[in-house]
Amino acid sequence: MTQKSRMEINKSEIFKRQITLSEIGETGQQKLQESKVLVVGCGGLGSPIGVYLAASGIGEIHLVDFDTVDCTNLHRQVFYAMDDVGKYKSEVLAKFIQQRAPFTKVTFSKKPITKNSVVELISVYDIIVDGTDSLPTKYLLNDACVLLGKPLVYGSLYKFDGYVSVFNMKLDDNRYSANLRDAFPTMNTDIPNCEEAGTMNAIVGMIATAQVNEVLKMITGVGKPLQNELLIYNALQNSQLKMKLTSKVTKEEIQTIFENESYYDASCDTQDQDWLISSEELKKRLSFRTNVRNLELIAVLPNLKLPFQVDQTIPIEELDIENFEIDPEKTYVMICQRGVTSFKATAMLKERYPKAKVVSLAGGVSEY
């Protein structure tokens, strides 16, 4: 028996249960083998998405994630182990998939997806899957998919709720289904991500596999994809509803947005150490009354559970940079949950007032 025939037998055995489904069969399995899927984000959503797609027989998968594995990831990102802490997620996940899916070509990137790279990156893939927890990146993917006519399988989480949809899918009449801006026209930047708001691991896995389900339906032509509707699932009540969506935002409007929007996400940047104050340093300065008078603590997210009192709460979208009064004798400490939004606020103020003493609490209150 030749190596080729052994491989064919192995392939039939590996996908036997799936091929047995009359709705899929050999024809559907071949469609999966010929498909190319881009998975952006290799965290709670993206890691199971990548593994399940490969295990289903997708022929080519490219993984994108610039982040490294942290011990706080392990409770929900179950394809990583303690030994992986500090390693790049996309690289670790690619190796995991290679060991278990011999018929899938898997590649990876350790760079964040940006406005400059997104068009070239997504152009060669059949389906784009959003496994990120970054609002700017979600809108960037959506807008680029609209401009290039690519379907986007969307997933997001907020505490005990999960959201799934198929955006910008080409319909039988050559029109396209609703996209993210039809559901949520603008970015609501004060919505915390799962790191800030918290989440249970079960719902993360459920939403991820729901996204996989949409990809498989689209490729094989089985069932009805979640086009023109947003599935909202609540884990506490085991309830779900579908919100109807209508295409309203035109491609021309999104082209204008794409040209003018930066899609800036501070979490993708290396933070300037000169613009940071460590938890230890802040604790030290708060312990001295003379230093306290020269400090002004500003929370840039509402409803934070703070271990200390702040002087003001100014949500970042309400931060009036032009009219912000700077006292040259004071050091302004910007505070959020994990140090991302606060660093963005710091950068905004430093750009307008370069000589001002403005710093961000490194790691936010999560690491205080």
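The values are calculated or read from the model by the stated rules, or taken from the named source; none is laboratory data. Model, not experiment: these values are computed from the prediction. Counting neighbours? That spans all protein chains shown, and the Cβs are built from the backbone with ideal geometry, glycine included.
The table for this structure:
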item	result
Filtered residues of the stretch 47-72 (kept if in contact with a Phe, Trp or Tyr (Cβ under 6 Å, 6 or more places away or on another chain) and at pLDDT below 95)	T68, V69
Flag if E325 is modelled with pLDDT of 90 or more and loosely packed, with under 12 Cβ neighbours inside 10 Å	yes
Test: S123 is of a type outside the set (V, I, T), surrounded by fewer than 23 Cβ atoms within 10 Å (Cβ to Cβ) and either within 26 Å of T107 (Cβ to Cβ) or in contact with a Phe, Trp or Tyr (Cβ under 9 Å, 6 or more places away or on another chain) (or both)	yes
Answer residue from the stretch 333-367, given it is among the hydroxyl-bearing types (S, T, Y) and touching a Leu at 6+ places or on another chain (Cβ under 7 Å) and is surrounded by the fewest Cβ atoms within 10 Å (Cβ to Cβ) among those	T341
Boolean, V300 is modelled with pLDDT of 95 or more, β-branched (V, I, T) and either surrounded by 18 or more Cβ atoms within 10 Å (Cβ to Cβ) or under 20 Å from S134 (Cα atoms) (or both)	no
Count of residues meeting criterion [over 17 Å from the mean Cα position of the chain (by Cα), part of a helix (DSSP H, G or I) and either under 17 Å from G46 (Cα atoms) or not assigned by TED's automatic domain parsing to the domain that holds T132 (or both)] in the stretch 75-90	1
Output for the stretch 197-221, where each listed residue is of a type in the set (V, I, T), part of a helix (DSSP H, G or I) and within 15 Å of the chain's Cα centre (by Cα)	V204, I207
Total residues in the stretch 106-158, condition assigned to a helix (DSSP H, G or I) and under 16 Å from the mean Cα position of the chain (by Cα)	13
Contacts under 6 angstrom Cβ, first residue in the stretch 246-274 being assigned by TED's automatic domain parsing to the domain that holds L171 and under 19 Å from A178 (Cβ atoms), partner at pLDDT 95 or above and part of a loop (DSSP other than H, G, I, E, B), 6 or more apart	S247/A178
Meets criteria (at pLDDT below 90, in contact with a Leu (Cβ under 9 Å, 6 or more places away or on another chain) and surrounded by 13 or more Cβ atoms within 10 Å (Cβ to Cβ)) for Q271	no
Qualifying residue in the stretch 170-179 (condition: among the small types (G, A, S), buried (at least 24 other Cβ atoms within 10 Å of the Cβ) and modelled with pLDDT of 95 or more)	no
Verdict on K89 being touching a Cys at 6+ places or on another chain (Cβ under 6 Å) and farther than 27 Å from P185 by Cα	yes
Residue in the stretch 36-56 that is surrounded by fewer than 16 Cβ atoms within 10 Å (Cβ to Cβ) and assigned by TED's automatic domain parsing to the domain that holds Y125 present	yes
Wholly enclosed helices (runs of 4 or more DSSP H) of the stretch 1-42 bearing at least 3 residues modelled with pLDDT of 95 or more and either closer than 30 Å to K115 by Cα or not hydrophobic (A, V, I, L, M, F, W, C) (or both)	25-33
Residue among D67, D83 that alone is surrounded by fewer than 19 Cβ atoms within 10 Å (Cβ to Cβ), more than 25 Å from K217 (Cβ to Cβ), in contact (Cβ under 8 Å) with a residue 24 or more places away in the chain and of a type outside the set (F, W, Y)	D67
Residues of the stretch 91-105 that turn out to be loosely packed, with under 15 Cβ neighbours inside 10 Å and in a loop (DSSP other than H, G, I, E, B), as a count	1
